[in-house]
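Heads up: the structure comes next, in C-alpha cells.
The values are calculated or read from the model by the stated rules, or taken from the named source; none is laboratory data. No experiment lies behind these values; they were computed from the predicted model shown. With ideal geometry, Cβ positions are generated from the backbone for all residues, glycine too; neighbour counts draw on all protein chains shown. Side chains included, ligands, DNA and RNA excluded: accessible areas come from the protein's heavy atoms. Shrake-Rupley method; radii C 1.70, N 1.55, O 1.52, S 1.80 Å.
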Amino acid sequence: MPDLLDDVTAAAGLTVFGAAAVAGAIDTRALPRSPLDWSPDYDVVPRVTMLRTELRALSLDRVVLAGDGAPARAADAIARTLGVPLTVLTGTDPHGIAAAVAGPLHRTVVVLTAASPISVSLAVDSHRRAFLQAFEDQGIHDLGRRFVFVTRPGSPLATTALEMGAQLFLAQPGPLSAYSLVPAGLAGADINELVEQAFALAEPPRRTSAAGFSLPSAGFSPPSGFTVPSGAPETSASAGDAGFAHPAVALGAALAAAVAAGRDKIALAADGSGLVGLGEWVAALLDGAGARAVPVVLETPSSWGHEGPDVLGVTTGGPLVPGVMPGGGINPDLAVNGPLGVQLLVWEQALTIAGLIGTGQADAEPGRSSPAGFGAAGSTPAGGLAPGGGGHGGDDPSSHEGVLRVLDTGVPPQVPAFVEGAVEVHGAVTATTLIGAIDEFARSVPPGAALTVLAHLDRTADAAALGVRTGLAGRVDRAVHLAWGGAVRFARDDESVQAATGVGGSSRTSATNVIQITGAVPKDLRVPGRPYTFGELQAAEAADDRQVLLERGRPLLRLHLTDRKSGIDQLLAALGG
C-alpha cells in the first residue's frame, strides 16, 4: 500500500484523494449515454415536500419503504446520515415483516418501489399484500393515502397505483432519482439540499494539488486504451499529468485500473466523518450488477480485509475540516470525501465509467419478480405466475421461475453432514466440528478468489450475523464479503459485466466460494392472497440460490440455524468473536 498522496481531484465540495495518480482517462463515448450527463427530476422535491406536509397534517409520520437493491440502500443511507426515521424492508424474512406490520399503523405510510418496467419483485408484492391486510385488520380504509408508488411509466406497479388512487411517482433509473428521494424525503430528509449538492457538480470542476495533505496515492498503472472522454470537462493539466478534472472520471479510472490489475476486491469503509451507509449502497450496486469487482463492506477502516494484494482499500466520508486527514486513521488506496448528494452522484457515474455496472444500474433491483398479474390480492396462484423480470440481476426471469418452482414442489430435503448445538452443517466437508468445517471450507478458497457469506436472515433482528464477516476475515487470507440473501447476482462462468469502455472487459468473473446461512422460522406469517408464507418464500429463495450456485460450480457450505440467536452466538464464539 502506498505511503503518500500527492494529488487530489475536487469539485462541488467532493474530493477524491489518490485517483489523480492514475494517468490517462476512459473513453466514455462508447457508453449508451454519457455517465456524466445528469439532471434532477425537477418536480420530485416540491411534490415530496407538499405530500409530506399533507401527510404530517394527518399525523402520518411513520414511513416504511418496501423496495429492493441499490435504491433502497440509497434511501437508507440518506435517512441514516441525516438522522431521520425510515423503516426499510428489503427481504422476505417473516420476522422483519411481522415487526413492520405490527408498528403503529395509524401513523404509517408505505412507499413501494419497482424499477423494472415489466414486473414487480416477489418481495415487494408480498410486502404490499401484508400491509393491505394489516390496514384492513385495523379498520383503516383510506388506502389511497396510505400507499405511495415509485416506478417506471407503464409498469404493473403504476397500474396498481392508479387503480388504488394512490400517489404515483414515475421515474427512470438514475442517481438521486425518485426511488430514493421519495421515501427519504417523506421520512423528513432535506432532499432539496441533496439535489443542490449534486447539481453543484455541473459547475466547472478543478484539479488541485493536495495543499497541506500528505496522503496515499492509488499507485496503479493505467490499462491500455485509455483516451480522454468525449465531453469531459477541460483540465489545465498537461497530457502527461496524472490529474483528471472530473471526480467521477478520476474515480472511475482508478477503479477500472485496479480491477484490470487484479485488485478486484473493493474494501469500503466509512471514515467516521459523518456519512453512514454509503458503502452498503455501493456494495448493492456492485452486487446487483454481478460485477467483476467484489465489494467488501468493512466495519471500520482498519477492520480485517482492508488490505491485501488483490484488495483496493477505499474510505468514504463527509467534507473534511481543515487539519483533518482522510482515511479514518489508515492510509487507504483511495479516499472519497464530500457531501452525501455529490457522493451518490459521483459513485454511480464512476462505477459506470469503470464498466463495473451498466448505465442506469443505480435503480436496478436484484429482487426476484412477480409478473404483470400484480393487482388484487388473491389473484394468480403461485404455480400460475408468468415469468417476469428480476432474478439476482433485476431482469433475469430464470431465478423468478426457480423460486416459483420451489414454492410449487417444496424445498428439496437436505440431510446435514452433522449438527453442533443450534447449527446444522450442510456440505461436502470432512471435518466433524463447526469451526473445523468453516476453516476447511474457508481455506479452500483459491488465491485471487473471495469468500461470500449470504445470510438469509432478518437484517435488523439478526444484525449480529454481521460479525461473521469479521470473524472469517480474521481467520482466512482472503477477502470476505457478507450480503443479505437475494442481494448478489452470480454470473454464469461465461458471463461478465462487459465494460462499455473496453477497460477491464475480460471474460473473467471474480470467483467466490459461498457460505449460506439460513434460519428456522418459529413463527411464520402468511402472504395474503398467495398459497405460501413469508417463511416458505424465504426458504424457496435460499433453495433457488443453492441450486444456481451448484449448477454454476460454485463451492457451497450451508449453515442452518435451528435457533437464530443461539446459532449466531455459537458461530461468533467459534470464530473467536
Seminar exercise, completed: Summed over the other residues with a beta carbon less than 9 angstrom from that of residue 265, with K and R at +1 and D and E at -1, the charge totals 0
Exercise. Of the listed peptides 124-134, 174-184, what is their order by residue-averaged count of other C-beta atoms within 10 Å, with the highest listed first?
Worked result: 174-184, 124-134
For this session: Compute the FRET efficiency between residue 137 and residue 273 as 1/(1 + (r/R0)^6), taking r as their Cβ-Cβ distance and R0 = 45 Å, and round to the nearest 0.05.
Result: 0.50
For this session: Answer rounded, prolate or oblate for the stretch 265-324, using the Cα gyration tensor with square roots of eigenvalues a ≥ b ≥ c: rounded when a/c is under 1.5, else prolate when a/b is larger than b/c, else oblate.
Result: oblate
For this session: Decide, for the stretch 243-293, between rounded, prolate and oblate: order the square roots of the alpha carbon gyration tensor eigenvalues as a ≥ b ≥ c, take rounded if a/c falls under 1.5, and otherwise choose prolate if a/b is larger than b/c, else oblate.
Result: oblate
Exercise. Once the other residues with Cβ under 12 Å from the Cβ of residue 432 are scored (Lys, Arg +1; Asp, Glu -1), what is the net sum?
Worked result: -2
Seminar exercise, completed: The percentage of the accessible area of the stretch 422-477 (probe 1.4 Å, all protein chains present) made up of carbon and sulfur atoms, to the nearest whole number, is 56
Exercise. Using 1/(1 + (r/R0)^6) with R0 = 22 angstrom and r between the beta carbons of residue 433 and residue 563, what's the FRET efficiency to the nearest 0.05?
Worked result: 0.75
Problem set entry | Apportionment of accessible area to carbon and sulfur, the stretch 292-364, percent (1.4 Å) | 61
Exercise. Around residue 332, what is the net charge, scoring Lys/Arg as +1 and Asp/Glu as -1 over all other residues with Cβ under 11 Å from its Cβ?
Worked result: -3
Problem set entry | Karplus-derived 3J(HN,Hα), 6.51/-1.76/1.60, for each residue of the stretch 269-285, Hz, glycine and proline x | 9, 6, 8, x, 9, x, 8, 10, x, 5, x, 4, 5, 4, 4, 5, 4
Seminar exercise, completed: For 320-327, 292-299, ranked highest to lowest by mean beta-carbon neighbours within 10 Å, the order is 292-299, 320-327
Problem set entry | 5 angstrom amide H check on residue 111, placed H, neighbours 5+ away | 64, 65, 66, 148
Exercise. Which order do 119, 566 take when ranked by solvent-accessible area (1.4 Å probe, heavy atoms of all protein chains), largest first?
Worked result: 566, 119
Problem set entry | Spacing of the two label points (7 Å from each Cα toward its C-beta) at residue 172 and residue 54, in nm | 2.6
For this session: Please work out whether the stretch 294-348 counts as rounded, prolate or oblate from its C-alpha gyration tensor, where a ≥ b ≥ c are the square roots of the eigenvalues and a/c under 1.5 means rounded, while otherwise a/b larger than b/c means prolate and anything else oblate?
Result: oblate
Seminar exercise, completed: Counting only residues 5 or more apart in sequence or on a different chain, those whose built amide H sits under 5 Å from that of residue 168 are 149
